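*Asks:* Here it is, the structure, as structure tokens.
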Amino acid sequence: MTTRDLVLAALFAAIIVALGLVPPIMLGFIPVPITAQSLGVMLAGVILGARRGGFAVLLVLLLVAIGLPVLSGGRGGLATFASPTAGYLVGWFFAAVVTGYCSERFVDRSQAGIVQITGFFLAALLGGVVVDHALGIFYLAYITGTGLATAFIGDLSFVPGDVLKAMIAALAGRAVMVGYPLLPHRA
Amino acid sequence: MDIRFEQAEARFEGRTVVQPLTLSLTERRIGVIGLNGSGKTTFARMINGLVLPAAGLVTVNGFDTVKDGDKVRGQAGFIFQNPQNQIILPILKEDIALGLKSRKLSKAETDDAIDAVLARFGIAHLGERRAHELSGGELQLAALASVLVTRPDILIMDEPTNQLDLRNRGLVERTIHGLDENVIVISHDLGLIADFDRVLCFHEGRLADDGAPAEVIARYRELAA
Amino acid sequence: MKTLYVEGDTFLHRLSPRTKLLGLAVVSLVLFLIHSPAILSVAAALGGIVYASLRLGWRQSWLRLRPILLTIVVVALFTLVFNGWHDALIVVTRLTALAVFAAAVTATTSTGDFIDEITRLAMPLERLGLVRAADIGLSIGLVIRFVPEILGRYQAIRDAHRARGLKVRPLTLAVPLIILTLKNADEIAAAIDARGVRAQK
């Protein structure tokens, strides 16, 4: 990894941490506050790609592990990984890598805006929703012994919010690509 | 100090930003001026090996910037425009220690070196402070300390007073004039370099003028008008 | 940024970070092998005693564990509804035990010690050419260094919205925040390289 890649990943990790410290932001069209940290994970993949995005999220998890209260609500420390919902947290890493990998495959700078946004949306959906929720559900089902189907039902209420975040990540990813392109392209 | 450029040129994204240049620098204090985009920052970065020549050769005290990058960086320290981006670690002392890491010093030797360099710039009281709490002037002094702790022979500064208020500008100016090291200063602040030993003026990627400060600055004022 | 480490001189403080991390790994393995609510309760009580011996004070002890204990309770209720009280009891006791042991390690190990330990653990990976071990400490430092700068930038962008009478929206906030932050990467990277912090090959 070049020094620039290292710095980009570290800065993005800092953005994800900062997003956990700011108050939740209201969306315009529905009265739901958005907690921005998991949005930050999708953004890391969409903007930096698989390698640097994955490293950025890994850094955040490392900060949690070494006892810094960097998750929203001031959560942190090794106990966080003992939570029944730890699958979602660890899933962030895979979410960023998959989102990043798909973004590199689906999107390049020569495409029309709407194609780029669709590509980013699908990438964020696959990584940030499918992969992250799958890992979360598996761990929750394992820990509680209730079976995958029940864990899946418990999970469903969080899906609409995360789909919305994937949409925001797609729009933001496209806007950053126009303003300051960083995403590598994978043929 | 002995810096040589031999037909060295720099390209960026297919464009030549510094035309082939042959030059020898030995004076203790050298100023570099020129309009925005004239190539002066790229020229300065070539000395420290941050920008490698696409053709030709750059040597610093006998070390080739391409082959001996690490040794060149040991000889020539670099201070960037924005002091905000130069302090890398959260606490000032930690940041200064970073540059000493490759020296394999003992804990006591490292602490002594840090205390000495902080005292030299009158910022001993800032050692334990967090970088984001420091003012622009304090950050610029901190950046000087973090670079000079490794005792480079040459210090290159890219517009060191650019983002500072009047008081901090005065503080940094006095500090620069008091340095024992060889200094190369890029600046739009013509007063800062007026009493230097030599001034280079870049224009459109070429060394357009080179000589005593008074004359070079006078001709630069005509060019810019 | 305040860490969750607390200065002190208890038995756990004196243990090496490696021993504590290995110990925690062993404890978590054992906890998952046990299926008796009675034994798991004893384990949770033991963990509670270790945690209490750190003398963080009632308020601190509770504040640190509150978010995770709440999650455990919610998930236990969920288990109770679908699987009955036996499984629910296992979930509560097992996860509470794990949480208190983990919180005890966190409270007694400084971030510096953690970083040194992680760097040592990464040495074999460095030999394989996967990472540079020293980069880990450097990157963690960079993150902590730049969080306050980013929060400052966030305030500035929010103020700019207000000054122009615009509503603050995730997109209009996140996009400039990200671009302004990442644009510094070139200069920060140059500052690192210019100081020869990461030896070039």
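Every read-out reported here was derived from the displayed coordinates using simple, explicitly stated rules and does not represent laboratory data. All of these numbers come straight from a predicted model, not from anything done at the bench. Ideal geometry is used to build each Cβ from the backbone, glycine not excepted, and the neighbour counts take in all protein chains shown.
*Asks:* In Å³ and rounded to a whole number, note down the convex hull volume per residue for the Cα atoms of the stretch B:1-49.
*Replies:* That works out to 79 Å³ per residue.
*Asks:* Under a cut-off of 26 Å between alpha-carbon atoms, report the lysines in cross-link reach of C:K167, not counting same-chain residues fewer than 8 places apart.
*Replies:* In chain and number order, the partners are A:K165, C:K183.
*Asks:* Please get the size of the charge dipole for the protein assembly as shown, origin at its Cα centre, with Cβ charges of +1 on Lys and Arg and -1 on Asp and Glu, quoted in debye to the nearest 20. Please list the in-between numbers first.
*Replies:* Working: 58 positive and 51 negative charges, 293 e Å.
Value, rounded to 20: 1400 debye.
*Asks:* With +1 on each Lys and Arg Cβ and -1 on each Asp and Glu Cβ, how big is the dipole of chain C about its Cα centre, in debye rounded to the nearest 20?
*Replies:* Numbers: 23 positive and 13 negative charges, 111 e Å.
Around 540 debye, computed over chain C.
*Asks:* Would you kindly calculate the translational diffusion coefficient of the stretch A:15-140, applying Stokes-Einstein with the Kirkwood radius from alpha carbon pairs, for 20 °C and a viscosity of 1.002 mPa s, and quote it in µm² s⁻¹ without decimals? Provide the component values of the computation, followed by the final result.
*Replies:* Values: Rh = 14.9 Å.
The Stokes-Einstein estimate is 144 µm²/s.
*Asks:* Would you list the P(r) distribution for the stretch B:124-169, with all Cα-Cα distances sorted into 5 Å bins from 0 and each bin expressed as a whole %?
*Replies:* 5, 19, 29, 23, 19, 6, 0
*Asks:* Principal axes first, then extents: for the Cα atoms of the stretch A:70-139, list largest minus smallest coordinate on each axis, whole Å, largest first.
*Replies:* Computed over the Cα atoms, the extents are 46, 25, 15 Å.
*Asks:* With the cut-off at 13 Å, report for the stretch A:98-166 the share of all Cα pairs above it, as a whole percent. All intermediate terms of the calculation are to be shown ahead of the outcome.
*Replies:* Values: 1525 of 2346 pairs.
Summing the P(r) tail past 13 Å for the stretch A:98-166 gives 65 percent.
*Asks:* In percent, how large is the relative contact order of the stretch A:93-187, given Cα pairs closer than 8 Å and 6 or more residues apart?
*Replies:* Over the stretch A:93-187, the number comes to 38 percent.
*Asks:* Can you figure out the FRET efficiency of A:M1 with C:V73, using R₀ = 35 Å and their beta-carbon distance, to the nearest 0.05? Walk me through the numbers on the way to the answer.
*Replies:* On the way: r = 42 Å, r/R0 = 1.20.
It comes to 0.25.
*Asks:* Can you tell which of B:I91, B:I156, B:I30 shows the greatest fluctuation in a Gaussian network model of chain B with Cα springs below 10 Å?
*Replies:* B:I91
*Asks:* Also, I was wondering about something else. Express in whole angstrom the spacing between the alpha-carbon centres of the stretch A:123-174 and the stretch B:32-87.
*Replies:* Between the Cα centres of the stretch A:123-174 and the stretch B:32-87 lies a distance of 49 Å.
*Asks:* Right, here's the next one. If you fit an axis through the alpha-carbon atoms of helix A:86-106 and take the longest principal axis of the Cα set of chain A, what angle between them do you get, 0 to 90°, nearest 10?
*Replies:* It is inclined by approximately 20 degrees.
*Asks:* Something else about it: Let me see the P(r) profile for the stretch B:142-225: every Cα-Cα distance counted, bins of 5 Å, each bin given as a percent of all pairs.
*Replies:* Result returned by the calculation: 3, 12, 24, 23, 18, 13, 6, 1, 0.
*Asks:* Also, I was wondering about something else. Please identify which residues in the stretch B:12-49 have an amide N closer than 20 Å to a label point set 7 Å out from the Cα of B:A225, following the Cα→Cβ vector.
*Replies:* B:33-36
*Asks:* If you don't mind, another one. Less than 18 Å apart at the alpha-carbon level, and either on another chain or at least 8 residues along: which aspartates and glutamates does that give for B:K71?
*Replies:* Excluding near neighbours in sequence, the set is B:D2, B:D153, B:E181, C:D193.
*Asks:* Could you list, bin by bin from short to long, the percent of Cα-Cα pairs of the stretch C:23-80 in 5 Å steps?
*Replies:* Here the calculated profile for the stretch C:23-80 is 4, 14, 18, 26, 24, 11, 2.
*Asks:* Using a Förster distance of 56 angstrom, determine the FRET efficiency expected from the C-beta separation of C:H35 and C:R59, and round it to 0.05. Don't skip to the end; give the middle numbers.
*Replies:* Values: r = 35 Å, r/R0 = 0.62.
The formula returns an efficiency of 0.95 here.
*Asks:* OK, next. For the stretch C:80-144, state the semi-axes of the equivalent ellipsoid (square roots of 5 times the eigenvalues of the alpha-carbon gyration tensor), sorted largest first and rounded to whole angstrom. Walk me through the numbers before you get to the answer.
*Replies:* Details: eigenvalues 280, 47, 22 Å².
In descending order, the three semi-axes are 37, 15, 11 Å.
*Asks:* How do C:T71, C:T96 line up, fewest other C-beta atoms within 10 Å first?
*Replies:* C:T71, C:T96
*Asks:* List the residues, sorted by chain then number, that are 5 or more residues from B:V32 or on another chain and whose placed amide H is less than 5 Å from its amide H.
*Replies:* B:V185, B:I186, B:S187, B:L200
*Asks:* Considering all projection directions equally, how large on average is the shadow of the alpha-carbon convex hull of the stretch B:1-130, in square nanometres?
*Replies:* 9.7
*Asks:* A further question follows. Rounded if a/c is under 1.5, else prolate if a/b is larger than b/c, else oblate: which is chain C, with a ≥ b ≥ c the root eigenvalues of its Cα gyration tensor?
*Replies:* oblate
*Asks:* Based only on other Cβ atoms within 10 Å, what is the fewest-to-most ordering of C:V30, A:V90?
*Replies:* Result, fewest neighbours first: C:V30, A:V90.
*Asks:* Still on this structure, please answer the following. Please list, by residue number, everything in the stretch C:21-50 whose backbone N is under 20 Å from a paramagnetic label point 7 Å out along Cα→Cβ of A:V90.
*Replies:* So the set is C:21-35.
*Asks:* Let me ask another. Show that you can apply the helix-only estimate: for the protein assembly as shown, add -39,500 (n - 2.57) for every DSSP H stretch of four or more residues, divide by all residues, and state [θ] at 222 nm to the nearest 500.
*Replies:* The helix contribution divided over the protein assembly as shown gives -19500 deg cm²/dmol.
*Asks:* Residues with amide H under 5 Å of B:V17's amide H, sequence separation 5 or more or different chain, H placed in the peptide plane at 1.01 Å from N; which?
*Replies:* Under 5 Å from the amide H of B:V17 lie the amide H atoms of B:A10, B:R11, B:F12, each far enough along the sequence or on another chain.
*Asks:* If you don't mind, there's one more thing I want to ask. So what does log10 I(q)/I(0) come out to for the stretch C:93-190 at q = 0.16, 0.21, 0.22 Å⁻¹, using the Debye formula with one equal point on every Cα and no solvent?
*Replies:* Log-scaled intensity ratios, in q order: -0.89, -1.02, -1.06.
*Asks:* Using θ = phi - 60° and the Karplus curve 6.51 cos²θ - 1.76 cosθ + 1.60, what whole-Hz ³J(HN,Hα) does each residue of the stretch C:102-112 get, with Gly and Pro shown as x?
*Replies:* With the stated coefficients, the stretch C:102-112 comes to 5, 5, 5, 5, 4, 6, 10, 10, 6, 4, x Hz.
*Asks:* Quick one: helix C:133-163 against the long Cα principal axis of chain C, what's the angle to the nearest 10°, folded into 0 to 90?
*Replies:* Between the helix axis and the principal axis of chain C, the angle is about 70 degrees.
*Asks:* If one takes the longest principal axis of the Cα atoms in chain B, at what angle in degrees, from 0 to 90 and to the nearest 10, does the Cα axis of helix B:166-177 lie?
*Replies:* It works out to around 80 degrees.
*Asks:* Could you give the semi-axes, largest first, of the ellipsoid that matches the protein assembly as shown, computed as the square roots of 5 times the alpha carbon gyration tensor eigenvalues and rounded to whole Å? Each step should come with its number before you reach the end.
*Replies:* Values: eigenvalues 496, 163, 85 Å².
Square roots of five times the eigenvalues give 50, 29, 21 Å.
*Asks:* Right, next: Between B:V66 and C:M123, what's the calculated FRET efficiency when r is the beta-carbon distance and R0 is 25 Å? Round to 0.05.
*Replies:* 0.25
*Asks:* Let me ask something additional. Most fluctuating residue of B:Q86, B:Q163, B:Q75 in a GNM of chain B with Cα springs under 10 Å: which is it?
*Replies:* Among B:Q86, B:Q163, B:Q75, the largest GNM mean-square fluctuation belongs to B:Q163.
*Asks:* Starting from the Kirkwood Rh over alpha-carbon pairs, what translational D in µm² s⁻¹ does chain B have by Stokes-Einstein at 37 °C and 0.692 mPa s?
*Replies:* Rounded to a whole number, D works out at 182 µm²/s.
*Asks:* What relative contact order, as a whole-number percentage, does the stretch C:1-152 give when Cα pairs under 8 Å and 6 or more residues apart are counted?
*Replies:* Answer for the stretch C:1-152 is 33 percent.
*Asks:* Also, quick follow-up: Work out the charge dipole of the protein assembly as shown with +1 on the Cβ of Lys and Arg and -1 on the Cβ of Asp and Glu about the Cα centre, then indicate which of B:T22, A:F81, C:V175 is farthest towards its positive end.
*Replies:* Checking the options against the dipole of the protein assembly as shown, the answer is A:F81.
*Asks:* Could you work out which residue, out of B:H177, B:H125, B:H188, moves most in a Gaussian network model of chain B, that is, has the largest mean-square fluctuation with Cα springs under 10 Å?
*Replies:* B:H125
*Asks:* Using amide H atoms built 1.01 Å from N in the peptide plane, name the residues 5+ places from B:I79, or on other chains, whose amide H lies under 5 Å from its own.
*Replies:* The list, which skips near neighbours in sequence, is B:I156, B:M157, B:D158.
*Asks:* Once you put a point 7 Å from the Cα of B:E133 and another 7 Å from the Cα of C:W85, both along the Cβ direction, what distance in nm separates them?
*Replies:* Taking the two extended label points, one gets 5.4 nm.
*Asks:* Right, here's the next one. Under the Kirkwood approximation applied to all pairs of distinct alpha-carbon atoms, what is the hydrodynamic radius of the stretch A:141-187 in Å?
*Replies:* Evaluated on the stretch A:141-187, it is 13.5 Å.
*Asks:* Run through the stretch C:21-80 and list the trypsin sites (Lys or Arg not before Pro) located in a DSSP loop whose Cβ has at most 16 other Cβ atoms within 10 Å.
*Replies:* Loop-located and lightly packed - C:R55.
*Asks:* Let me ask something else about it. May I ask you to sort A:R52, B:R174, B:R11, A:R174 by Cβ crowding, counting other Cβ atoms within 10 Å and putting the fewest first?
*Replies:* Ascending Cβ contact count within 10 Å gives the list B:R174, B:R11, A:R174, A:R52.
*Asks:* A further question follows. With a cut-off of 8 Å between alpha carbons and a minimum separation of six or more residues, what is the relative contact order of chain A in percent?
*Replies:* On the way: 309 pairs, mean separation 45.0, N = 187.
It comes to 24 percent, rounded to a whole number.
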